[in-house]
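First the structure, in the form of structure tokens, and then the observations on it.
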Amino acid sequence: MRPLSILVALMAAAALAVGVPAGSAGIIGMGIVGLLLAVVTFRSPTLTFFLRIFSGIFAIEYVLFAATALLAQAGLWPASLGIPPVPTSLPTTVGVFGIMIYAISFVPVIARISRIASPFFESDEITTANLWPIGPYQIRLGRLAVALFVFLIVLNQAQVGITLRISFFSRDMYNALQNKDAAAFWYQQLWVFIPWATIWVVSGLVEIFANYTLLIRWRQFMAHEYTERWLSHATHYRIALAGSVDNPDQRIAEDTRSFVNQTYNFALPLLSQVSTLVSFSIILWNIDAKFTLPGTAIAIPGYIFWVAFFYAAVATWLTHLIGRPLINLEFEQEKREANFRFSLARLREYSEQIALMVGEPTERAHLAGRFRAIVENFYRLVWRRLKLSAFTFSYNQASVVVPTIILAPYYFAGTITLGVMMQVAGAFDRVQTALSFIINSYSSIAQYLAAISRLTTFEKAIAEAQHGPISEDALSRETSRDDGLHVGKAVLALPNGQPIVRLDRLDFGKTRSTLVIGPSGSGKSTLFRAIAGIWPFGDGKVGIPAQARIMLLPQRPYLPQGTLRAALAYPEREEAYGDDAIREAMAKVRLGHLADRLDEVDLWGQRLSGGEQQRLAVARALLSKPDWLFLDEATASLDEKLEGEIYATIDRELPQAHIVSIGHRATLREMHDAIVTMEPNEDGTFTPTPTAKAPVA
């Protein structure tokens, strides 16, 4: 960007060198704006990458338009184009927009938008693109994204230029009709309208393809990035414990889609509307007719432009006053819709338990309450949208006749021709439409801001879970000096901050297997989760042997959607283990009757009994062969005889592993070498204390 800023400064200096001797205020203004643009372009590396794209485009356009304007001033503009030469106001306006990009970068909502959008355009990921006629080729994703985005911006501005050219066709065609000049009429149709309209149609089709390509790649990138951050280092678990955000699944699936679509649908159309505003404002400003204030002889330069400007400005202000509550209403609606979907998904997950408890009436009432909340907020949304729509509909209907009403007296007075009147009416409509962008898009803007807010709070929750008080660093992990696993100087707390476990030092590994016992609610599972590195509430140190692989089997195993093979291999990939190894592990945990269904896709969490699911989890351990295996009541659904056989299998098949179990059955004592008891303290906490094994009665 630094070389570009030098180029802008040189062009600005050239404008001043031409304008000052000639005494041209327009050229001098173009030069002054150019110098300011050169400064902000020089400072643009401090902007987020997304905003730097716009800053660079405006700087390049300033150079091109300023050079063209200076050529026009020198009389070198080709008259064969059929359109007026580029006025000095065009590069000046473009320069002002470039300066505005730097200024709005300090607006909080713009900073949030650009911060969320920038990683896609900076991505170093290598991807495959297919461009005719080159064919498939490798390119950095960020470079492809920038190329597509800039291409779409340039294409949009080219379409504005085509529309501008067609407005002159409209003027000349109506003048030909007024003059009854058939030859001029057919010339305009065949040699002006058809070629330019064809170019416009082709450019529109190219825009659609490039647009969808950019959007799907952008959404894919954002969904992957948020999923990666949400799933890394058990962040999803800590966010759920903290309850800091609702429905993270919706924020990844829906809010990223909304953000990508709305960012594109606002950024490019807004830029297109700005280009339209500049181009057609020039037409309104340079109409070769003297417009006077109605009822007076006072001539006002750019009178029609100022009418369009103030007409749209007042309407925009009123629109904001009416529609401002929509932002919070849209946020709340998304939240309530997500809560309803989550309730339905949870019902499906626990359908067996609900059916056994005959809980359908309660679930109906619960779902009805969730949907009633949706309806209540929806009616508030509808009522606010009705108010906004009543104003915008009235405004848009009035806009149809306002330019004709304003121009008709001048046409009847002979000040302007029919062709000029139609061209000015069309330009007025384009200008007020560009100025009315916020008016016509206010509902979408409210939805957009709600999506931005949800993504921002999601990012904040991820950051707190990874680096804040609930991060994995809450209990520091270090490498043990021996082969044992140690917990020292630790206080573990519940999510509400209440301490539940206190200990000075606890050592595992002196014996091969240890059973942790104690009353329910004494913090046994919390201790296991702290050792596994996912419990964020508390402080202390956990010493883990170097390169040790730890596996924790909870009481209720997780079975992913897909094949039975994938459920057995989890968390490894489906193809991680061969058929023989899987079948052997299944046979050892008494699941041999399922061996022929390895590649069958089903909801295995619902098809298998609780005992079968727990044995499947043990089969995973036999396949994975961890160094440390923690079983959190992982055999509680088995009868005592089968439980004993499973522990014997673990002992035999994993001779190198240290086993640490939580359980309440007395028979488990014989299956372990050592006992740790959760002893109560006076302050309501518990301390894990090694105790001697007592004989089983």
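The values are calculated or read from the model by the stated rules, or taken from the named source; none is laboratory data. Since the model is a prediction, treat every value here as computed from it, not as a measurement. Quick reminder, even Gly has a Cβ in these numbers, built from the backbone with ideal geometry, and neighbours come from all protein chains shown. Heavy atoms of the whole protein, side chains included, go into the accessibility calculation; ligands, DNA and RNA do not. Shrake-Rupley method; radii C 1.70, N 1.55, O 1.52, S 1.80 Å.
Some values worked out for this structure:
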{"read-out": "Single match in Phe54, Phe58 (criterion: modelled with pLDDT of 85 or more, in contact with a helix residue (DSSP H, G or I) (Cβ under 7 Å, 6 or more places away or on another chain), under 18 Å from Gly161 (Cα atoms) and crowded, with 18+ Cβ neighbours inside 10 Å)", "value": "Phe58"}
{"read-out": "Residue match in segment 342-353 (condition: under 31 Å from the mean Cα position of the chain (by Cα) and at pLDDT 85 or above)", "value": "yes"}
{"read-out": "Test result for Thr46, of a type in the set (S, T, N, Q), under 30 Å from Ile113 (Cβ atoms) and surrounded by 16 or more Cβ atoms within 10 Å (Cβ to Cβ)", "value": "no"}
{"read-out": "Residue match in segment 221-241 (condition: assigned to a loop (DSSP other than H, G, I, E, B) and either surrounded by 15 or more Cβ atoms within 10 Å (Cβ to Cβ) or free of Cβ contacts under 8 Å to residues at least 60 places away in the same chain (or both))", "value": "no"}
{"read-out": "Flag if Asp580 is at pLDDT below 95, over 27 Å from His672 (Cβ atoms) and part of a loop (DSSP other than H, G, I, E, B)", "value": "no"}
{"read-out": "Failed criterion for Ala532 (all others in (1) open to solvent by less than 10 Å² (accessible area, probe 1.4 Å); (2) under 15 Å from Gly488 (Cα atoms) hold)", "value": "(1)"}
{"read-out": "Segment 105-126 - residue that is surrounded by 15 or more Cβ atoms within 10 Å (Cβ to Cβ) and among the β-branched types (Val, Ile, Thr) and, of those, farthest from Gln138 (Cα to Cα)", "value": "Ile110"}
{"read-out": "Residue within segment 473-491 that is assigned to a helix (DSSP H, G or I) and either out of contact with any Lys or Arg (no Cβ under 8 Å at 6 or more places or on another chain) or closer than 26 Å to Gln250 by Cβ (or both) present", "value": "no"}
{"read-out": "Output for segment 596-630, where each listed residue is in contact with a Gly (Cβ under 8 Å, 6 or more places away or on another chain) and either touching a residue at least 60 places away in the same chain (Cβ under 8 Å) or not in a helix (DSSP H, G or I) (or both)", "value": "Val601"}
{"read-out": "Residue in segment 158-169 that is over 30 Å from Gln423 (Cα atoms), more than 23 Å from the chain's Cα centre (by Cα) and open to solvent by 30 Å² or more (accessible area, probe 1.4 Å) present", "value": "no"}
{"read-out": "Some residue of segment 478-500 being surrounded by 15 or more Cβ atoms within 10 Å (Cβ to Cβ), among the aliphatic types (A, V, I, L, M) and at pLDDT below 80", "value": "no"}
{"read-out": "Test result for Phe391, touching a residue at least 60 places away in the same chain (Cβ under 8 Å) and assigned to a helix (DSSP H, G or I)", "value": "yes"}
{"read-out": "Qualifying residue in segment 142-153 (condition: of a type in the set (A, V, I, L, M, F, W, C), in a helix (DSSP H, G or I), under 30 Å from Val18 (Cα atoms) and open to solvent by less than 40 Å² (accessible area, probe 1.4 Å))", "value": "no"}
{"read-out": "Matching entry among Leu381, Leu407, Leu367 (being in contact with a helix residue (DSSP H, G or I) (Cβ under 7 Å, 6 or more places away or on another chain), among the aliphatic types (A, V, I, L, M), more than 19 Å from Ser444 (Cβ to Cβ) and at pLDDT 85 or above)", "value": "Leu367"}
{"read-out": "Residues being outside any helix (DSSP H, G or I) and β-branched (Val, Ile, Thr) - total across segment 90-127", "value": "3"}
{"read-out": "Any pair with Cβ under 7 angstrom, 6 or more apart, that starts in segment 407-422 at a residue that is open to solvent by 30 Å² or more (accessible area, probe 1.4 Å) and ends at one that is among the acidic types (Asp, Glu) and part of a loop (DSSP other than H, G, I, E, B)", "value": "none"}
{"read-out": "Matching entry among Ala461, Ala434, Ala451 (being part of a helix (DSSP H, G or I), in contact with a helix residue (DSSP H, G or I) (Cβ under 8 Å, 6 or more places away or on another chain), modelled with pLDDT under 75 and among the small types (Gly, Ala, Ser))", "value": "Ala434"}
{"read-out": "Residues of segment 351-372 satisfying the condition of being open to solvent by 60 Å² or more (accessible area, probe 1.4 Å) and part of a loop (DSSP other than H, G, I, E, B)", "value": "Met357, Val358"}
{"read-out": "Wholly within segment 638-697, strands (runs of 3 or more DSSP E) carrying at least 1 residues that are aromatic (Phe, Trp, Tyr), on the phi < 0 side of the Ramachandran plot and open to solvent by 30 Å² or more (accessible area, probe 1.4 Å)", "value": "686-691"}
{"read-out": "Hits in segment 197-219 (condition: open to solvent by 90 Å² or more (accessible area, probe 1.4 Å) and over 15 Å from Tyr264 (Cα atoms))", "value": "Trp200, Leu205"}
{"read-out": "Count of residues meeting criterion [within 40 Å of the chain's Cα centre (by Cα) and surrounded by fewer than 23 Cβ atoms within 10 Å (Cβ to Cβ)] in segment 10-32", "value": "2"}
{"read-out": "Which listed residue, of Ala621, Ala587, is among the small types (Gly, Ala, Ser) and touching a strand residue (DSSP E or B) at 6+ places or on another chain (Cβ under 7 Å)", "value": "Ala621"}
{"read-out": "Those residues of segment 562-577 which are assigned to a helix (DSSP H, G or I), open to solvent by 40 Å² or more (accessible area, probe 1.4 Å) and not aliphatic (A, V, I, L, M), in sequence order", "value": "Glu574, Glu575"}
{"read-out": "Qualifying residue in segment 80-89 (condition: surrounded by fewer than 20 Cβ atoms within 10 Å (Cβ to Cβ) and modelled with pLDDT of 85 or more)", "value": "no"}
{"read-out": "Number of positions in segment 583-595 that are touching a residue at least 60 places away in the same chain (Cβ under 8 Å) and in a helix (DSSP H, G or I)", "value": "1"}
{"read-out": "For Tyr379: the one exception among (1) within 30 Å of Asn175 (Cα to Cα); (2) open to solvent by 80 Å² or more (accessible area, probe 1.4 Å)", "value": "(1)"}
{"read-out": "Residue check, Gly523 in contact with a His (Cβ under 6 Å, 6 or more places away or on another chain), under 23 Å from Thr687 (Cα atoms) and open to solvent by less than 10 Å² (accessible area, probe 1.4 Å)", "value": "no"}
